[in-house]
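Have a look at the structure below before the remarks.
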Amino acid sequence: METKKVEKTITRRNFIGLTSGFIVATGLSKAKLFSSQEKKKADLFAPLSPEEQKKADNSRVSKYIDQFKKRRINCSENVFMIGLKYLNQPDEFANSAIAFGGGLGKGDICGLITGASMTFGIAAAHKYKDKRKIGELAGRMNHEYWNWFKSHAPIHCKDLRKQYKSAAEYHNMITRITIKLDEIFTKYQIEPKQ
């Protein structure tokens with residue numbers, strides 16, 4: 001019995017086809033893994049621990065939460081207005097946050113992030129007059145907040161909204177955010193304007 005030796009060569013076209021198929025399959029599996037991680041990390045609205053409640057009770061920023069509870073304002077306005085109150089700025093500035101609500105009106109970047117980002121800009125301007133220094137400080141505060149937020153919840157409004165169901169859960173989110181704002185303001189020595 002004779003065996004025939006069969007040589008198969010892979011053409012360039014077959015190689016490109018196989019490689020691109022492999023890349024797409026790998027990308028899809030990573031995309032599925034990423035989206036499942038997004039769904040897992042939504043502890044921002046869970047009940048507060050006793051330690052968190054103690055931090056909230058002692059927070060210089062958290063004390064402003066109840067002033068906005070009954071107002072019909074979006075997340076960006078809420079966080080920005082709390083930051084403005086802490087910084088002794090006029091409430092009217094919060095109107096600039098209206099368009100950022102609902103993830104820029106598109107379910108995109110959460111207003112809990114955009115409201116804080118605007119607050120960091122004003123806070124940095126309290127400390128410095130030089131634009132470069134304001135930008136650097138606001139950037140550092142924003143970076144720290146962004147990383148913290150991403151570790152606790154999805155960054156997109158449409159994903160976060162699906163996960164919290166009640167006013168109490170929303171209040172827990174806002175409370176945690178004000179605790180974090182207070183920590184950042186303390187770290188970077190941001191004091192209210194006199």
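One line per residue, one yes/no per condition, for (1) within 17 Å of VAL79 (Cα to Cα); (2) among the small types (Gly, Ala, Ser):
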site	(1), (2)
ALA125	no, yes
PHE149	yes, no
HIS152	yes, no
LYS162	no, no
**OP:** For residues that are over 12 Å from the mean Cα position of the chain (by Cα) and assigned to a helix (DSSP H, G or I), scanning just region 158-173, find the one that is surrounded by the most Cβ atoms within 10 Å (Cβ to Cβ).
**Re:** ASN172
Original post:
Within region 26-68, restricting attention to residues that are within 21 Å of the chain's Cα centre (by Cα) and β-branched (Val, Ile, Thr), which residue is modelled with the lowest pLDDT?
Top reply: ILE65
Original post:
Identify, please: which residue in region 73-91 is among the polar types (S, T, N, Q) and over 22 Å from ARG161 (Cα atoms) and is, among those, surrounded by the fewest Cβ atoms within 10 Å (Cβ to Cβ)?
Top reply: ASN88
**OP:** For region 92-125, name all the residues that are open to solvent by 10 Å² or more (accessible area, probe 1.4 Å), assigned to a helix (DSSP H, G or I), modelled with pLDDT of 90 or more and farther than 13 Å from PHE80 by Cβ.
**Re:** ALA125
Subject >> Members of region 43-91 that are farther than 17 Å from PHE149 by Cβ, in a loop (DSSP other than H, G, I, E, B) and β-branched (Val, Ile, Thr) >> reply: ILE73
**OP:** Could you give me the residue pairs with C-beta distances under 8 Å whose first residue belongs to region 122-136 and is under 26 Å from GLU92 (Cβ atoms) and in contact (Cβ under 8 Å) with a residue 40 or more places away in the chain, whose second residue is surrounded by 14 or more Cβ atoms within 10 Å (Cβ to Cβ) and charged (D, E, K, R) wherever it lies, and which are 6+ apart or on separate chains?
**Re:** HIS126/GLU191
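The values are calculated or read from the model by the stated rules, or taken from the named source; none is laboratory data. The shown structure was predicted, so the numbers you read here are calculated from the model rather than taken from an experiment. A quick note on method: Cβ atoms are made from the backbone with ideal geometry, for glycine too, and the neighbour counts reach across all protein chains shown. Surface areas here come from the heavy atoms of the whole protein model, side chains and all, with no ligands, DNA or RNA. Shrake-Rupley method; radii C 1.70, N 1.55, O 1.52, S 1.80 Å.
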